[in-house]
Each structure stands twice: as structure tokens, then as C-alpha cells.
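Read through the structure below, which is laid out as C-alpha cells, and then see the notes.
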Amino acid sequence: MKLTGILCPNVIPFNADRSINEGELRRYISWLIEKGISGLYPNGSAGEFIRLSFDERIRVVDVVASETNGREPIQAGAAEPNIDLVLGVCGRYANLGCQGVSVTGPYYFKVRRTFVTFAPAHPVCNLTASGGAKGRQGSGFSRSQRVLRCLKAALRTRVSN
């Protein structure tokens, strides 16, 4: 999959009771598409997703996919701290029609091990490196050098499987 243009990490509108305002989310997604956005990035780097339960994060992607209805590609964010949850989310997002999943870098574990685990597990996992707790990326390499090495190792693993 090759994504081009602008993918928007959309905000999530809430009701007064802190539930997701699905009607407003649908309206907002349609508005973004009408304005020419190239793709959507639900549960991306806008930040509200961290306040949602696992099921609510799935629901956000479900609503976005339903409203998008194939008009634009979706690259959903999977910022789960547990590898098994991330892999499960990749499958669910693929079933909802997402073209990719942006996997957040590990919070507490080594980068290479995490990416090598993701690479062969699911074709929709797009191994996007973003974040990780400061200082947990190892030493001796800048973050970008280390992530590049990890991605190369992960891709070799994917190709060999």
C-alpha cells in the first residue's frame, strides 16, 4: 500500500457525558473528505484516543470506516501497550476496511523485538514508528537510526515468512 497526500489524524467529538458523539464524528469525517483530505488517521496522533476504552477505539474506527465508505483510505492508529492487543486490533481494523494500521513504538520494550513481532503477524500492520518513552530506545544510536534498523529487520522477517 502506498499512501500519498495528507492523512488527517482526526479529532474525536464527545458528548457532555464523555461518550463519543458519533453523529458529529460522521459529519466531521464527511467534511474532511469534501475539503480534499487524502486519507484518514483515526486514533492517530490527535490524542483523544488515550481517553477511550479498547472497545471505544474500535468503535471510532468503525464509524470512520462506515462514513468514509471507501471514498478515502484509512490508516488507523494502534497505540496499545500490549503486543497481542495490537495484533488483534490489526485484524479488526482490516475487517473494517482499513488499508493500514499505524503501530506505535513500544513504551517499555526494545524497539527491534517489537517490530520483528509485528512484521510477519499481519499484512495490515504498517510499522509506523512514533513515540516510545524517552530513554527506552536504547543507547548508541539516535532514535531515527535505531528505528530504521528495526524496520529493515522487520521487513526481512516479513519477506522470509
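Since every read-out is calculated from the coordinates, none of them should be taken as a lab result. Not measured: the values here are computed from a predicted model. Cβ: placed from backbone, ideal geometry, glycine included. Neighbour counts: every protein chain shown.
What does the charge count near Gly88 come to, summing +1 for each Lys or Arg and -1 for each Asp or Glu among other residues with Cβ under 13 Å from its Cβ?
Details: positive: Arg57, Arg92; negative: Asp55, Glu80, Asp84.
Result for the neighbourhood of Gly88: -1.
Other residues whose C-beta falls under 14 angstrom from the C-beta of Val64 contribute a net charge of -1, scoring Lys and Arg +1 and Asp and Glu -1.
Amide H to amide H distances under 5 Å link Leu40 with Cys8, Ile74, Gln75, where only residues 5 or more positions off or on other chains count and H is placed in the peptide plane.
Counting charges near Asn15 (Lys, Arg +1; Asp, Glu -1) among other residues having Cβ under 15 Å from its Cβ returns a value of 0.
By the count of other C-beta atoms within 10 Å, a proxy for reagent exposure, Tyr28, Tyr93, Tyr41 are ordered fewest to most as Tyr28, Tyr41, Tyr93.
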